[in-house]
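Chemist: My questions will all concern the structure given below.
The values are calculated or read from the model by the stated rules, or taken from the named source; none is laboratory data. Since this is a predicted model, take the numbers as computed values, not measurements. We place every Cβ from the backbone using ideal geometry, glycine too, and count neighbours over all the protein chains shown.
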């Protein structure tokens, strides 16, 4: 069945780069998403990538997709304390179909 | 990006009463909306897919008589938790795709506490 997996926790020093990894199983995934959730809040769409792309960059965020290995990563450059949150990876097949979410990676940024 | 607004953000109700949560797409039309439930420090669990003008599609294990979903217009879906019990206390979040069907936006979430 469909499954999305992420490591649960990542700790980085302020100013360093953070890399959050995700693997998925559904080969028919068309879109892959990264969301950020701060405590007590909803999910904020950070970025998404279409399955025929290898990379997408948006300011401090870089998404890499290895479709062969079904591996997705989110790199945050120059990580700041405000980046501390839970990051969810999700995959979808498009066409208004439901998204499948990973368990979320808690990013802790320390001085 | 598109805006999805959820109301209320927090609600406390007595056991046995019903609570309605609203989810609105503010600047776009959404024929399909999704309702999720999130337990503390856990991922989102999809409860149901809300379809404008037709019945919602519930995920396995979700009681449709307990979690009533109404999607009466292209910008509003409601989730009613009927006869709420303390175990229904949770964080409920709705989402909707933009009109291109590529980006899913989420509401702010509703923290329900049943006492």
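Chemist: Could you grab the pairs with beta carbons closer than 7 Å, sequence gap of 6+ or different chains, first residue in segment B:94-115 and closer than 12 Å to residue A:40 by Cα, second one assigned to a strand (DSSP E or B) and modelled with pLDDT under 90?
Modeler: none
Chemist: Regarding residue B:30, is this residue part of a loop (DSSP other than H, G, I, E, B), touching a residue at least 12 places away in the same chain (Cβ under 8 Å) and within 22 Å of residue A:37 (Cβ to Cβ)?
Modeler: yes
Chemist: Name the single residue, out of those in segment A:41-54 being within 7 Å of chain B (Cβ to nearest Cβ) and over 15 Å from the mean Cα position of the chain (by Cα), that is surrounded by the fewest Cβ atoms within 10 Å (Cβ to Cβ).
Modeler: So, considering only residues that are within 7 Å of chain B (Cβ to nearest Cβ) and over 15 Å from the mean Cα position of the chain (by Cα), the one surrounded by the fewest Cβ atoms within 10 Å (Cβ to Cβ) is A:41.
Chemist: Taking the condition of being at pLDDT below 95 and under 20 Å from residue A:69 (Cβ atoms), how many residues in segment A:7-23 meet it?
Modeler: Residues flagged as at pLDDT below 95 and under 20 Å from residue A:69 (Cβ atoms) within segment A:7-23 amount to 1.
Chemist: If you check every pair at least six apart or on different chains, which have Cβ atoms under 8 Å apart with a residue in segment B:54-69 that is touching a residue at least 24 places away in the same chain (Cβ under 8 Å) first and a residue that is in a loop (DSSP other than H, G, I, E, B) and surrounded by 14 or more Cβ atoms within 10 Å (Cβ to Cβ) second?
Modeler: Short answer, once both residue conditions are applied: B:67/B:82; B:69/B:56.
Chemist: Please go through segment B:64-93 and give me each residue that is in contact with a strand residue (DSSP E or B) (Cβ under 7 Å, 6 or more places away or on another chain), surrounded by fewer than 16 Cβ atoms within 10 Å (Cβ to Cβ) and in a helix (DSSP H, G or I), ordered by number.
Modeler: Matches in segment B:64-93: B:86 only.
Chemist: State which residue is nearest to the other protein chains (Cβ to nearest Cβ) when the search covers only segment A:70-88 and only residues that are assigned to a loop (DSSP other than H, G, I, E, B) and touching a strand residue (DSSP E or B) at 6+ places or on another chain (Cβ under 6 Å).
Modeler: A:84
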